[in-house]
Amino acid sequence: MRYLLRAVKYFCAFCVLYVALVWLGVKSQGAGVSVWDSIVATMSVTRGWMLSGAVVLLSALYPRFGFMTRRVECDMTEDREQLLAAFTMAGFVLREESDGRMIFRGDNLMRRILMLCEDEIVVEQYGQWVDIKGIRRGVANAAYRLELYMENKQRREE
């Protein structure tokens, strides 16, 4: 059910983006055509239907490839300062914490909207590693920053 909900969200986001681009195109040409007339004209040809099919396919596949898990060598208790700093710099704040698990969310409403409210990143301890799970761009950004912080910490200790 969660997968389907994500696919529908991405489909709606692609539709809004398409309408915005059509609106910009119509306004920049100065033609006396409405946005709706332009969309109807596009959908009356084969290429318009191919575009629709591509949007549906992309929306259906994105939830599968848009989320990831990344492992970083880190201890949640010992390296808490580095962990929080990495997520703060990536634009996330700690919302919930329990035994061996932290949940981060976007730090402001605009970030949450841009991520279609899929801004939750879960960090769990896995041996000497932490698993960072969530939307691909948020996880990649936070994990990269955390790796840098951990490298800097090791250099300072040497």
Would you work out which of Thr77, Gln125, Gly106 lies farthest towards the positive end of the dipole of the stretch 1-134, given +1 charges on the beta-carbon of Lys and Arg and -1 on that of Asp and Glu, about the Cα centre? Gly106
Collect residues whose amide H, placed 1.01 Å from N in the peptide plane, falls under 5 Å from the amide H of Arg95; neighbours closer than 5 in sequence don't count. Ile103, Phe104, Arg105
Estimate the FRET efficiency between Cys12 and Met89 by the formula 1/(1 + (r/R0)^6), using the beta-carbon distance for r and 35 Å for R0, to the nearest 0.05. 0.70
With R₀ set to 25 angstrom, the calculated FRET efficiency between the beta-carbons of Ala20 and Ser44, to the nearest 0.05, is 0.75
The chain: angle of helix 136-157 to the longest principal axis, Cα-based, in degrees nearest 10: 30 degrees
Interchain or sequence-distant (5+) residues whose placed amide H lies within less than 5 Å of the amide H of Val33 are none
Applying the Karplus parametrisation 6.51 cos²θ - 1.76 cosθ + 1.60 with θ = phi - 60° to the phi angles of the stretch 67-74, what ³J(HN,Hα) value in whole Hz is obtained for each residue in order, glycine and proline being reported as x? 10, 8, 10, 10, 10, 10, 6, 6
Hey, what do the phi angles of the stretch 55-66 turn into as Karplus ³J(HN,Hα) couplings, whole Hz, using 6.51/-1.76/1.60 and θ = phi - 60°, x for Gly and Pro? 5, 4, 5, 5, 5, 6, 8, 4, x, 6, 9, x
In a GNM of the chain with a 10 Å cut-off on Cα contacts, which of Leu146, Leu51, Leu94 has the highest mean-square fluctuation? Leu51
Identify which of Gly48, Gly32, Gly66 has the largest mean-square fluctuation in a Gaussian network model of the chain, with springs joining Cα atoms closer than 10 Å. Gly32
Apportionment of accessible area to carbon and sulfur, the chain, percent (1.4 Å): 60 percent
Can you give me the Cα centroid spacing of the stretch 26-86 and the stretch 132-158 in angstrom? 26 Å
For helix 2-29, what angle does its Cα long axis make with the longest principal axis of the chain, in degrees from 0 to 90 and rounded to 10? 50 degrees
Among Gln82, Gln125, Gln29, residue whose mean-square fluctuation peaks in a GNM of the chain (springs only between Cα atoms under 10 Å): Gln29
Please list the radius of gyration and Dmax for the stretch 90-158, considering alpha-carbon atoms only, with Å as the unit. 13.1, 43
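Pairs of Cα atoms under 8 Å, at least six residues apart: use those to get the relative contact order of the chain, whole percent.
The value is 22 percent.
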To the nearest 10 degrees, the tilt of helix 80-89 (Cα long axis) against the first principal axis of the alpha carbons of the chain is 20 degrees
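I need the per residue convex hull volume for the stretch 1-87, using only the alpha carbons, in cubic angstrom as a whole number. Working shown, then result.
Details: hull volume 13.1 nm³, N = 87.
Spread over its residues, the Cα hull of the stretch 1-87 gives 150 Å³ apiece.
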Please list the non-local residues whose amide H lies under 5 Å from the amide H of Cys74, H modeled 1.01 Å from N, same-chain partners needing a gap of 5 or more. Trp129, Val130
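The values are calculated or read from the model by the stated rules, or taken from the named source; none is laboratory data. Since the model is a prediction, treat every value here as computed from it, not as a measurement. A quick note on method: Cβ atoms are made from the backbone with ideal geometry, for glycine too, and the neighbour counts reach across all protein chains shown. For the accessible areas, the whole protein counts, side chains as well, though only heavy atoms, and no ligand, DNA or RNA atoms are used. Shrake-Rupley method; radii C 1.70, N 1.55, O 1.52, S 1.80 Å.
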